[in-house]
Amino acid sequence: MTAIPASGERVRTRLPGRKPLVILGERALEILIRLSGFSAIFFVLAIFFFVFREAAPVLFDAEFDAKEFLFSTEWYPTSERNVRYGTWALTFGSVAVTALAMVIAVPFGLGAAIYISEFSGKKQKEILKIVIELLAAIPSVVWGFIGLTVMSKLIVDLTGAPVGVNLLNGGIILALMSIPIIVSIGEDALKAVPDSFREAAEALGATKLQMIRRVLLPAARNGLLAAVLLGVGRAVGETMAVLMATGHAVRIPHGPLDSVRTLTANIAAELGEAAAGSPHYRVLFLTGVLLFVITFVVNLTADMAIRGLRRK
Amino acid sequence: MTVAAIEPGKRFVRTRHVARKERQQSVAKWIFFSMTVAMIIPLVAIVAYLLWKAAPSLNWQFLVDVPKRGMREGGIWPAFTGTLYLVVISLAVSAPIGVLAAIYLNEYAKDNWLNRLINLAVINLAGVPSIVHALFGLGAFVYAAKLGYSILSASLTLAIMTLPVIIASTREALASVPMSFREACWNVGATRWQTIRSIVLPNSISGILTGVILQVSRAAGETAPIMFTGAVFFKAVEKGKLFSYGLDDQCMALSMHLYTVSTQVPNVKESIPFATAVVLLGTVLLVNVSAIGLRVWLRNRKKW
């Protein structure tokens, strides 16, 4: 032990075994960690920037008309004389397929979430969750292939439609694809409802069904809304499955057995043919920007719904 | 219902009202159960159907052979190795960034607006449609960074797309390490990073591995992001050779190949697209099952 210095002079100590180089290395690593943490923001901005950058020149094109782009159903990108870039039919296609998918997926998804959360035993719950995880893992191109081969044949046989790749087919495939996400997020939301709520309802003599309807569903409302929204987000953004299963007709469908094309499938189908830098190419990027904005809003709303749930 | 009728030792009377309630409950249970089953049946039926249709072509030769006669015969070797390339390279890029980002979010970040913004960005990154990722890859890597249509461009696009998968699961793994472990470590004078390296990471490494495996499954199955950045319909490579591509080559990929043979090539032997689908689906599901297995094993081994 060294003697305590008489004057107020400070004693400099060095921690044993911590060489300056090690400390420096640790600093560097922490900076790297911080940068990686910020990378998500950087990537989202980069996605918007690069997609918008390719699209931007067309906005200043004298012939480009934003109103026509959004609300016209005339999409003739490769026409000789009458080139038209109206995406309304494509937007409508996206909305129609998504809506149909949700009509199927929401009741089944929420029903399954309720069953897994409230009715199933421990073992059964575990197995069901694994199955859902596997269902969610099936690649979209395989779903598309299933739509193209299995589902289209079924639809032709059952309804007598001339072609099997249509709105109905895409809706069913998208429903099957978005059910897993609805189930898993919905189940999380139901799990987040405190058990005391359930016990209170049961103590009042409510049946399980009454308890679910009057207590659980209202309590988990935000989380369930988020589940549905994330399902919508998945369905709107899905590309390969709708490319292969909905047929290729850029028009407003009159019924579920009409072929449609969605915004996403349209990009996938035409980007390969559009020469880089051509107006057609730029308009396709512009629809990409549109898609980015739509999914951004949907995801933001879902996130706010979940956040509202947590705060409670 | 008379109270006097209760036998000794029997606590409850099953009145008509109770019976109705019970009946309702079991009906409700069956309805919800059938909804759950309705979700599972398609999976089983579809896998069985695919296997049945694919059976004529499904053999070892199919895997290691190259496509012949405009993909109407032969195998899927170039597509299989192409997918391998894409997965490995994208993993090499996204795993370090993703794990470090998760470490930041779970170990360093305070609850302020900046980190809420990061969370929002991660959620949004996971929600960006795959085709928009493709547009981004085309604009950023192929043209702006001048990497051209190449394995590198496609892998980088895939890496950014799958980043949220790794971030989310790594975060979950880190969060499952009890806070008291860290506090004990800090109390003996360890710095934040020393704690992470010697306490947090060793205790969560299997969970992190699970996330990495899930990234592999996601990257192997994606089609749209690689379609315009590096994957092509056909690329001649040597049969059975593993390292057949260079980084700036274009490549085939399983998912892309399935799209090609099922929509772009006329008169394909029926079993070929089915067999391709089975190989792709089998690969992805196998990877996922191993992740699940790892997780279950881990949970049973956990001591706290």
Self-check item: Hz values of 3J(HN,Hα) by residue in region B:81-93 - Karplus curve (6.51, -1.76, 1.60), Gly and Pro given as x
Solution: 5, x, 4, 4, 4, 4, 5, 5, 5, 5, 5, 4, 7
Quiz item: Using a Gaussian network for chain A with springs between C-alpha atoms less than 10 Å apart, which of these wobbles most: A:100, A:134, A:243?
Solution: A:134
Quiz prompt | Exposure proxy ranking, count of Cβ atoms within 10 Å, fewest first, for B:276, A:207 | solution = A:207, B:276
Quiz item: Using a Förster distance of 41 Å, how high is the FRET efficiency between residue B:40 and residue B:265, based on the Cβ-Cβ distance and rounded to 0.05?
Solution: 0.80
Quiz item: Considering every pair of different Cα atoms, what Kirkwood radius, in Å, is found for chain A?
Solution: 23.2 Å
Quiz item: Most mobile of B:156, B:105, B:114 per a Gaussian network model of chain B (Cα springs, under 10 Å)?
Solution: B:114
Quiz item: Once the Cβ-Cβ distance between residue B:179 and residue A:23 is put in as r, and R0 is 30 Å, what FRET efficiency do you end up with, to the nearest 0.05?
Solution: 0.70
Quiz item: From the backbone phi of region A:169-182, what are the Karplus-calculated ³J(HN,Hα) couplings (6.51 cos²θ - 1.76 cosθ + 1.60, θ = phi - 60°) in whole Hz, Gly and Pro given as x?
Solution: 4, x, x, 5, 4, 5, 4, 4, 6, 8, 4, x, 5, 5
Quiz item: Among A:268-278, B:195-205, what's the highest-first ranking by average C-beta atoms within 10 angstrom per residue?
Solution: B:195-205, A:268-278
Practice problem: Based solely on C-alpha atoms, express the radius of gyration and the Dmax of region B:70-301 in angstrom. | Solution: 20.2, 71
Practice problem: Rounded to the nearest 10 degrees, what's the angle between the helix B:271-301 long axis and the longest principal axis of chain B, both from Cα atoms, 0 to 90? | Solution: 50 degrees
Quiz prompt | Residue among A:182, A:252, A:23 with the largest mean-square fluctuation in a Gaussian network model of chain A, springs linking Cα atoms under 10 Å | solution = A:23
Self-check item: Semi-axis lengths, Å, region B:242-304, gyration tensor of Cα atoms, sqrt of 5 times eigenvalues
Solution: 35, 18, 8
Quiz prompt | Shielding of B:221-230 by partner chains, average beta-carbon count, 10 Å | solution = 5
Practice problem: Please state, as a whole number in µm²/s, the translational diffusion coefficient that the Stokes-Einstein equation yields for the protein assembly as shown at 10 °C and 1.306 mPa s, with Rh defined as the Kirkwood radius across alpha carbon pairs. | Solution: 60 µm²/s
Quiz prompt | Ranking of B:216, B:128 by count of other Cβ atoms within 10 Å, fewest first | solution = B:216, B:128
Practice problem: Go ahead and run the numbers for FRET between residue A:254 and residue A:49, Cβ-Cβ distance against an R0 of 51 Å, rounding to 0.05. | Solution: 0.80
Exercise. Quick one: P(r) of region B:34-157 from all Cα-Cα pairs, 5 Å bins, percents rounded to integers, in order of increasing distance.
Key: 2, 8, 10, 12, 12, 14, 15, 12, 8, 4, 2, 1, 0
Quiz item: Given a cut-off of under 8 Å on Cα pairs at least six residues apart, what relative contact order in percent is computed for chain A?
Solution: 23 percent
Exercise. Let me know the charge dipole size of region A:86-221 about its Cα centre in debye, to the nearest 20, where only the beta-carbon of Lys, Arg (+1) and Asp, Glu (-1) is charged.
Key: 160 debye
Exercise. Name the long-range amide H neighbours of residue B:73: under 5 Å, sequence gap of 5 or more, or other chain; modelled H, no Pro or chain starts.
Key: B:68
Quiz item: Can you give the calculated 222 nm mean residue ellipticity of chain B, where each DSSP H run of n ≥ 4 adds -39,500 (n - 2.57) and the sum is split over every residue, rounded to the nearest 500 deg cm²/dmol?
Solution: -21000 deg cm²/dmol
Quiz item: What are the radius of gyration and Dmax of region A:36-112, computed over its Cα atoms and given in Å?
Solution: 18.4, 53
Quiz item: 222 nm [θ] for chain A, helices only, -39500 (n - 2.57) per DSSP H run of 4+, per residue, to 500?
Solution: -22000 deg cm²/dmol
Quiz item: Under a 5 Å amide H to amide H cut-off, with H placed in plane at 1.01 Å, what residues pair with residue A:76 once short-range neighbours are removed?
Solution: A:84, A:85, A:86
Quiz item: In Å, the Kirkwood hydrodynamic radius of region B:90-146 over pairs of distinct alpha carbons?
Solution: 13.2 Å
Quiz item: Over region B:70-301, what is the mean sequence separation of C-alpha contacts under 8 Å (at least six apart), divided by residue count, expressed as relative contact order in percent?
Solution: 32 percent
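Since every read-out is calculated from the coordinates, none of them should be taken as a lab result. Because the structure is a prediction, the values reported are computed rather than measured. FYI the Cβ positions are ideal-geometry reconstructions off the backbone, even for glycines, and counts take in every protein chain you see.
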